[in-house]
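Colleague: Mind looking over this structure? Questions follow.
The values are calculated or read from the model by the stated rules, or taken from the named source; none is laboratory data. Please read these numbers as outputs of a predicted model, since none were measured by experiment. Cβ sites come from the backbone with ideal geometry, for glycine too, and all protein chains shown count toward neighbours. Note: accessible area is taken over every heavy atom of the protein model, side chains too, but ligands, DNA and RNA are not part of it. Shrake-Rupley method; radii C 1.70, N 1.55, O 1.52, S 1.80 Å.
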Amino acid sequence: MQFQQLQYFVAVAETRHFTRAAELVHVAQPSLSQQIKTLERELGADLFLRARGNITLTDAGEALLPLARRILADADTARHEVQELVQLRRGRVRLGATPSLCTGLLPDVLRAFHDRYPGIRLLIEEGGSHDLVRELARGALDLALVVLPLPTPAPALSTVELLREDLVVVSSPEAPAPGTSGAGRRVVRIGDLEGERLVMFRHGYDLRELTVAACRSAGFEPDFAVEGGEMDAVLGFVRAGLGVAVVPRMVATRAGRGLRVTPLARPGLHRTIALAHRSDVAPPRAARELQRMLLER
């Protein structure tokens with residue numbers, strides 16, 4: 001008994017027609033008929049009653065049909081499971097993230113993922129949430145770390161909240177400390193940024209929109225010393241004493257020496273990071289594994 005013979009048998013049983021069954025399994029009708037006859041000889045029983053224009057199952061055919069379907073389904077499952085395992089030995093994951101998350105959150109998680117699955121190539125695309133949502137929608141990314149709420153409605157995306165991160169103010173230790181000191185702890189209120197020169201991110205950066213909106217809610221327009229940079233450039237300009245910047249706490253912690261970090265006074269500023277993927281297409285196995293590691297980090 002051959003696997004192919006069972007495929008042909010099930011096709012005839014479901015279509016009750018040899019020619020249509022041959023078309024379904026992409027084989028010539030005489031070849032299909034010959035394989036069915038061979039299967040019947042091997043089993044020692046007829047599987048079909050062949051009357052003109054009417055194909056029905058014999059008792060033997062009725063007994064074989066559920067078993068054949070189960071064998072074919074088990075074979076598909078085995079093939080799928082092997083392919084899933086192969087995907088974890090070689091392949092790729094296309095991950096989008098905002099530059100601040102590439103600096104703060106991702107290094108440790110990607111290192112752990114690479115240690116566990118060294119054969120998987122990691123392709124990282126940095127961008128603002130708006131750009132990443134667009135890339136996800138057109139299938140250029142498997143997963144993306146985005147800032148909620150999304151810049152535009154995205155019904156084709158599924159998101160799960162990953163973390164809620166505080167924002168802090170960074171400045172040069174050689175410049176006057178921003179904010180006010182109380183109870184032995186210096187904090188910055190949003191209103192304290194009025195009159196401060198800000199080092200500002202480029203347009204399209206989530207942190208730019210959030211900071212500008214907070215300043216305007218406090219009743220003033222922010223004053224930019226320099227603008228248009230990515231995360232590394234912004235931190236470098238702050239170290240050089242060009243101004244202060246509002247950045248995620250995780251980035252400030254990782255930035256190392258040469259920066260003064262001052263928390264924002266309550267209620268402060270926060271941002272919510274979510275992991276997003278297309279809801280109409282399941283991510284590849286390797287991408288799902290990276291998703292699990294990010295959620296369990």
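Colleague: Considering only region 232-249, I want to know if a residue exists there that is in contact with a strand residue (DSSP E or B) (Cβ under 9 Å, 6 or more places away or on another chain) and at pLDDT below 90.
Modeller: For region 232-249, residues in contact with a strand residue (DSSP E or B) (Cβ under 9 Å, 6 or more places away or on another chain) and at pLDDT below 90: absent.
Colleague: Right, next: Given region 190-267, what strands (runs of 3 or more DSSP E) lie entirely inside it while holding 3 or more residues that are within 15 Å of Pro178 (Cβ to Cβ)?
Modeller: 197-201, 245-248, 260-263
Colleague: Let me ask another. Keeping to region 17-68, report how many residues are open to solvent by 60 Å² or more (accessible area, probe 1.4 Å) and under 44 Å from the mean Cα position of the chain (by Cα).
Modeller: Here the count works out to 6.
Colleague: Spot the failing condition for Leu105; the list is (1) under 30 Å from Met200 (Cβ atoms); (2) surrounded by 14 or more Cβ atoms within 10 Å (Cβ to Cβ); (3) without any contact (Cβ under 8 Å) to a residue 60 or more places away in the chain; (4) not aromatic (Phe, Trp, Tyr), and only one is missed.
Modeller: Looking at each condition in turn, Leu105 falls short on (3).
Colleague: Follow-up. Identify, from the list Arg164, Arg116, the residue that is of a type in the set (Lys, Arg), in contact with a His (Cβ under 8 Å, 6 or more places away or on another chain) and surrounded by fewer than 17 Cβ atoms within 10 Å (Cβ to Cβ).
Modeller: Step by step, each of Arg164, Arg116 is checked, and only Arg164 is of a type in the set (Lys, Arg), in contact with a His (Cβ under 8 Å, 6 or more places away or on another chain) and surrounded by fewer than 17 Cβ atoms within 10 Å (Cβ to Cβ).
Colleague: Regarding region 83-97, can at least one residue be identified that is touching a Phe, Trp or Tyr at 6+ places or on another chain (Cβ under 6 Å), over 25 Å from Phe201 (Cβ atoms) and either of a type outside the set (Phe, Trp, Tyr) or surrounded by fewer than 16 Cβ atoms within 10 Å (Cβ to Cβ) (or both)? Spell out how you get there, then give the answer.
Modeller: Start the filter on region 83-97 by keeping residues that are touching a Phe, Trp or Tyr at 6+ places or on another chain (Cβ under 6 Å), which leaves 88.
Checking the rest, the ones that are also over 25 Å from Phe201 (Cβ atoms) come to 88.
Add one more test, that the residue is either of a type outside the set (Phe, Trp, Tyr) or surrounded by fewer than 16 Cβ atoms within 10 Å (Cβ to Cβ) (or both), and what stays is 88.
The answer is yes, given that some residue of region 83-97 is touching a Phe, Trp or Tyr at 6+ places or on another chain (Cβ under 6 Å), over 25 Å from Phe201 (Cβ atoms) and either of a type outside the set (Phe, Trp, Tyr) or surrounded by fewer than 16 Cβ atoms within 10 Å (Cβ to Cβ) (or both).
Colleague: Still on this structure: Name the residue, out of Arg216, Arg257, that is exposed (fewer than 14 other Cβ atoms within 10 Å of the Cβ), of a type outside the set (A, V, I, L, M, F, W, C) and at pLDDT below 90.
Modeller: Result of the check over Arg216, Arg257: Arg257.
Colleague: Looking only at residues that are within 17 Å of the chain's Cα centre (by Cα) and more than 18 Å from Pro284 (Cβ to Cβ) in region 73-99, which one is modelled with the lowest pLDDT?
Modeller: So, considering only residues that are within 17 Å of the chain's Cα centre (by Cα) and more than 18 Å from Pro284 (Cβ to Cβ), the one modelled with the lowest pLDDT is Pro99.
Colleague: Got a sec? Which of Ala225, Ala213, Ala218 is among the aliphatic types (A, V, I, L, M) and within 22 Å of Leu132 (Cβ to Cβ)?
Modeller: Just one listed residue meets the conditions, Ala213.
Colleague: Okay, next question. Quick test for you: out of Asp206, Asp223, Asp192, pick the one residue that is surrounded by 17 or more Cβ atoms within 10 Å (Cβ to Cβ) and more than 25 Å from Gly127 (Cβ to Cβ).
Modeller: Within the list Asp206, Asp223, Asp192, the selection yields Asp192.
Colleague: If you don't mind, another one. Which residues, counting only those in region 271-287, are in contact with a Leu (Cβ under 8 Å, 6 or more places away or on another chain) and either aliphatic (A, V, I, L, M) or surrounded by 14 or more Cβ atoms within 10 Å (Cβ to Cβ) (or both)?
Modeller: Arg271, Thr272, Ile273, Ala274, Leu275, Ala276, His277, Arg278, Pro283, Arg285, Ala286, Ala287
Colleague: Output yes when any residue across region 4-13 is more than 17 Å from Ala63 (Cα to Cα), within 45 Å of the chain's Cα centre (by Cα) and open to solvent by 40 Å² or more (accessible area, probe 1.4 Å), and no when none is.
Modeller: Within region 4-13, one or more residues are more than 17 Å from Ala63 (Cα to Cα), within 45 Å of the chain's Cα centre (by Cα) and open to solvent by 40 Å² or more (accessible area, probe 1.4 Å).
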